[in-house]
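Visitor: This is the structure I want to talk about, given as structure tokens.
The values are calculated or read from the model by the stated rules, or taken from the named source; none is laboratory data. Please read these numbers as outputs of a predicted model, since none were measured by experiment. Virtual Cβ from ideal backbone geometry, glycine too; neighbours counted across all protein chains shown.
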Number of protein chains: 2
Amino acid sequence: MARFFMAGSNLQGGVAVIRGRDAEHVRVLRLRPGEDVTVCDSQGTDYKCRLVRADKEEAELEVIEVVPCTAEPSVKVTVLCALPKGDKTDYIIQKCVEAGAYRILFFQCERCVARPEKPEKKLDRWQRIAEEAAKQSGRGIIPEVGWAGNYADALNEAVHTDLPLFMYETGEREKLNEVMEAHPGIQSAAIVTGPEGGFAEFEAKLARIAGLHLCSMGERILRCETAPVVALTAVMYATGNL
Amino acid sequence: MARFFMAGSNLQGGVAVIRGRDAEHVRVLRLRPGEDVTVCDSQGTDYKCRLVRADKEEAELEVIEVVPCTAEPSVKVTVLCALPKGDKTDYIIQKCVEAGAYRILFFQCERCVARPEKPEKKLDRWQRIAEEAAKQSGRGIIPEVGWAGNYADALNEAVHTDLPLFMYETGEREKLNEVMEAHPGIQSAAIVTGPEGGFAEFEAKLARIAGLHLCSMGERILRCETAPVVALTAVMYATGNL
């Protein structure tokens, strides 16, 4: 069923009105009066609606049923990825939204090949990818996609969660499953993954000093765009959200 | 370190000779005499080698050290995917090889949009993608990519493993983590995932009758190219291979 996100305040009195790009989307989907769509308020509630009328500018919906949205994981996971080259960002955003990320933040570190002067310029496009993926996968929120800044900023974001995890390919590390088992009942977590060339040794040291758990994900070497999705899936599985 | 696969029989007497496309690859990587590469025999052994000489046709390597390859998971997972549209096959192959799949087989079912007349024609290209991903992720084997045939053929492949799992989005299902916990010590497993439009109801029924476990992966709806990677990661995590 088609899914849209809307502020809860626009959903009162049993009527919802879709405007702007979403109204265009209703047209593209060729939805007709009488057909059902779901509107989510991004706050944990789904409104099952029926399309009353639609034109180029707006679509009017009648609210049929109000139900809790059960798609949100019990753990809010912030995925922090070193900025990769090219369109790997898009892939990371789409897959991490599907897999249940709460936030996806990119950052710059030592071995990042991509060094855009104004990464903030990409935020609009990134956020649209997250919105499309949230609609498609039936999420209860549109995960925020943001720019964390430099490496220290990224570590700072991570340590403000219950369980900051640092995915590292070499040296002394904990096994991800052992870390997860040692921390039951977490409300939030962070997953930090590196760029194409991996993290520099001093970055790993800094992460350890900052209190992150340096974790291995087995003996196979994952691409920089695969690692966040695999780590997030493992955390979702370990916390009963898969 | 660059990685190549070679039959163990070509690795005797302390010398290895790389020929054909792999020799070309040595040239592309601009490897020079004295540099180290790893040659894997696909049977669980890695040969740490040093490049002696290389030309367009072949590269000669001296074997320095013979070590067990630890990258292979303890569980052999066959990933069975309904044939998706376009280049999603490539994505599935690459990511599933990274995540530790033993075999990746595509099949045709009711709602497959892609209906190539000769799917076998794609096997060479698919296998090359698997080989590249195996080299890059440090696998101990090149996972086989194949064409399973029709839906019944796919089910037949699945039931010949210790734990055949059928990923389904609706109806009565078991939770994947409960199924995994109820089956410790498995040596093999199969993951069956559907096409863009999902499985037809009769296909799910047939899977249940055939003895597959119909499993949910949470409340979020995964794209057909995401589901196999997420399910495989969950199985790897659950069996201590992540």
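Visitor: Which residue pairs have Cβ atoms under 8 Å apart, sit 6 or more places apart or on different chains, and have a first residue in the range A:49-74 that is within 24 Å of A:Arg30 (Cα to Cα) and a second that is among the hydrophobic types (A, V, I, L, M, F, W, C) and in a loop (DSSP other than H, G, I, E, B)?
Guide: Listed by first residue and then by second, the contacts come to A:Leu51/A:Leu31; A:Ala54/A:Leu31; A:Ala59/A:Leu31.
Visitor: If B:Ala134 satisfies all but one of (1) within 14 Å of chain A (Cβ to nearest Cβ); (2) outside any helix (DSSP H, G or I); (3) hydrophobic (A, V, I, L, M, F, W, C), what's the number of the condition it fails?
Guide: The one condition B:Ala134 does not meet is (2).
Visitor: Identify the single condition in (1) in contact (Cβ under 8 Å) with a residue 12 or more places away in the chain; (2) under 28 Å from B:Glu72 (Cα atoms) that B:Gly185 does not satisfy, given that it satisfies every other one.
Guide: The failed condition is (1).
Visitor: Specify the residue that is nearest to the chain's Cα centre (by Cα); the eligible residues are those in the range A:138-158 that are under 23 Å from A:Thr239 (Cα atoms) and part of a loop (DSSP other than H, G, I, E, B).
Guide: Once the filter is applied, the top-ranked residue is A:Pro143.
Visitor: Which of the residues spanning the range B:74-84 are closer than 22 Å to B:Glu201 by Cβ and either assigned to a strand (DSSP E or B) or charged (D, E, K, R) (or both)? Give the steps one after another, and end with the answer.
Guide: Residues of the range B:74-84 that are closer than 22 Å to B:Glu201 by Cβ, as a first pass: B:80-84.
Those that are closer than 22 Å to B:Glu201 by Cβ and either assigned to a strand (DSSP E or B) or charged (D, E, K, R) (or both): B:Leu80, B:Cys81, B:Ala82.
Visitor: Mind listing just one residue for me: the one in the range A:170-189 that is within 14 Å of chain B (Cβ to nearest Cβ) and among the β-branched types (Val, Ile, Thr) and, of those, farthest from B:Ala234 (Cα to Cα)?
Guide: A:Thr170
Visitor: Do we have any residue at all in the range A:93-107 that's at pLDDT 95 or above, in a helix (DSSP H, G or I) and in contact with a Lys or Arg (Cβ under 7 Å, 6 or more places away or on another chain)? Even if it seems obvious, please write down each step before you answer.
Guide: Restricting attention to the range A:93-107, the residues satisfying the condition of being at pLDDT 95 or above are A:93-107.
When the remaining residues are screened for being in a helix (DSSP H, G or I), the result is A:93-99.
Now drop any that are not in contact with a Lys or Arg (Cβ under 7 Å, 6 or more places away or on another chain), which leaves A:97-98.
For the range A:93-107, residues at pLDDT 95 or above, in a helix (DSSP H, G or I) and in contact with a Lys or Arg (Cβ under 7 Å, 6 or more places away or on another chain): present.
Visitor: Can I ask one more? Examine the range B:24-34 for a residue that is within 30 Å of B:Asn241 (Cβ to Cβ) and not small (Gly, Ala, Ser), and state whether such a residue exists. Before you say what the answer is, go through the steps one by one.
Guide: Within the range B:24-34, the first condition is being within 30 Å of B:Asn241 (Cβ to Cβ), and the residues that meet it are B:25, B:29.
Within this subset, residues satisfying the condition of being not small (Gly, Ala, Ser) are B:25, B:29.
Within the range B:24-34, one or more residues are within 30 Å of B:Asn241 (Cβ to Cβ) and not small (Gly, Ala, Ser).
Visitor: Testing A:Pro116 on (1) part of a loop (DSSP other than H, G, I, E, B); (2) at pLDDT below 95; (3) closer than 29 Å to B:Arg223 by Cα, one condition comes back false. Which one is that?
Guide: That leaves (3) as the condition not met.
Visitor: Out of (1) touching a helix residue (DSSP H, G or I) at 6+ places or on another chain (Cβ under 8 Å); (2) more than 30 Å from A:Glu157 (Cα to Cα); (3) at pLDDT 90 or above, the odd one out for A:Glu60 is which?
Guide: All conditions pass for A:Glu60, except number (1).
Visitor: Could I ask something else about it? Of the residues in the range A:75-114, how many are within 14 Å of chain B (Cβ to nearest Cβ) and in contact (Cβ under 8 Å) with a residue 24 or more places away in the chain? Steps first, please.
Guide: Here is the first cut: in the range A:75-114, the ones within 14 Å of chain B (Cβ to nearest Cβ) are A:75, A:77, A:87-88, A:90-102.
With the extra rule that they be in contact (Cβ under 8 Å) with a residue 24 or more places away in the chain, the set shrinks to A:75, A:77, A:88, A:90-102.
So the count comes out to 16.
Visitor: List the residue pairs whose Cβ atoms are under 7 Å apart, where the first residue sits in the range A:206-235 and is closer than 16 Å to A:Glu157 by Cβ, the second is part of a strand (DSSP E or B) and of a type in the set (D, E, K, R), and the two are 6 or more positions apart or on different chains.
Guide: Every condition considered, the pairs that remain are A:His213/A:Glu174.
Visitor: Let me ask something additional. Report yes if A:Pro164 is more than 24 Å from B:Ala133 (Cα to Cα), more than 11 Å from chain B (Cβ to nearest Cβ) and free of Cβ contacts under 8 Å to residues at least 24 places away in the same chain, otherwise no. Walk me through how you get there before you give the answer.
Guide: Details: more than 24 Å from B:Ala133 (Cα to Cα): yes; more than 11 Å from chain B (Cβ to nearest Cβ): yes; free of Cβ contacts under 8 Å to residues at least 24 places away in the same chain: no.
Considered against the rule, which asks whether it is more than 24 Å from B:Ala133 (Cα to Cα), more than 11 Å from chain B (Cβ to nearest Cβ) and free of Cβ contacts under 8 Å to residues at least 24 places away in the same chain, A:Pro164 comes out as no.
Visitor: Only one of B:Ala154, B:Ala148 is at pLDDT 95 or above and touching a helix residue (DSSP H, G or I) at 6+ places or on another chain (Cβ under 9 Å); which? Please lay out each step first, then the result.
Guide: Numbers: B:Ala154 fails: touching a helix residue (DSSP H, G or I) at 6+ places or on another chain (Cβ under 9 Å).
The conditions single out B:Ala148.
Visitor: Also: Does A:Leu214 qualify as being more than 21 Å from A:Arg103 (Cα to Cα), more than 21 Å from the chain's Cα centre (by Cα), more than 14 Å from chain B (Cβ to nearest Cβ) and surrounded by 14 or more Cβ atoms within 10 Å (Cβ to Cβ)? So that I can check it myself, show each step before the final result.
Guide: Working: more than 21 Å from A:Arg103 (Cα to Cα): no; more than 21 Å from the chain's Cα centre (by Cα): yes; more than 14 Å from chain B (Cβ to nearest Cβ): yes; surrounded by 14 or more Cβ atoms within 10 Å (Cβ to Cβ): yes.
It is false that A:Leu214 is more than 21 Å from A:Arg103 (Cα to Cα), more than 21 Å from the chain's Cα centre (by Cα), more than 14 Å from chain B (Cβ to nearest Cβ) and surrounded by 14 or more Cβ atoms within 10 Å (Cβ to Cβ).
Visitor: In the range A:32-74, how many residues are within 14 Å of chain B (Cβ to nearest Cβ) and aliphatic (A, V, I, L, M)?
Guide: Start the filter on the range A:32-74 by keeping residues that are within 14 Å of chain B (Cβ to nearest Cβ), which leaves A:38, A:40, A:44, A:46, A:67-74.
The next check asks that each one be aliphatic (A, V, I, L, M); those that pass are A:67, A:71.
Looking only at that region, the number is 2.
Visitor: Which strands (runs of 3 or more DSSP E) sit wholly inside the range B:1-63 and have at least 2 residues that are basic (Lys, Arg)? Outline the logic, then answer.
Guide: Values: elements: B:3-5, B:15-19, B:36-40, B:45-54.
The strands (runs of 3 or more DSSP E) meeting that bar are B:45-54.
Visitor: Take the range B:159-169 and flag every residue that is under 22 Å from A:Thr239 (Cα atoms) and part of a loop (DSSP other than H, G, I, E, B). It would help to see each step written out before you state the result.
Guide: Of the residues in the range B:159-169, the ones under 22 Å from A:Thr239 (Cα atoms) are B:165-169.
Of everything in the range B:159-169, those that are under 22 Å from A:Thr239 (Cα atoms) and part of a loop (DSSP other than H, G, I, E, B) turn out to be B:Tyr168, B:Glu169.
Visitor: Take A:Thr233 and tell me if it is in a loop (DSSP other than H, G, I, E, B) and not aliphatic (A, V, I, L, M).
Guide: Numbers: in a loop (DSSP other than H, G, I, E, B): no; not aliphatic (A, V, I, L, M): yes.
No: the conditions fail for A:Thr233.
Visitor: Restricting to the range A:169-209, name every residue that is more than 22 Å from A:Tyr102 (Cα to Cα) and of a type in the set (Ser, Thr, Tyr).
Guide: Matches in the range A:169-209: A:Thr170 only.
Visitor: Could you check the range B:170-209 and list, in sequence order, the residues that are surrounded by fewer than 15 Cβ atoms within 10 Å (Cβ to Cβ) and part of a helix (DSSP H, G or I)?
Guide: Correct list: B:Glu178, B:Glu181, B:Ala182, B:Glu201, B:Phe202, B:Lys205, B:Ile209.
Visitor: Only residues that are away from chain A (no Cβ under 14 Å), of a type outside the set (Phe, Trp, Tyr) and touching a residue at least 60 places away in the same chain (Cβ under 8 Å): list them for the range B:190-205, please. Break it down into steps so the answer makes sense when it comes.
Guide: Here is the first cut: in the range B:190-205, the ones away from chain A (no Cβ under 14 Å) are B:190, B:192, B:194-195, B:199-205.
From what is left, the residues that are of a type outside the set (Phe, Trp, Tyr) are B:190, B:192, B:194-195, B:200-201, B:203-205.
Across the range B:190-205, the qualifying residues are B:Ala190, B:Val192, B:Gly194, B:Pro195, B:Ala200, B:Glu203.
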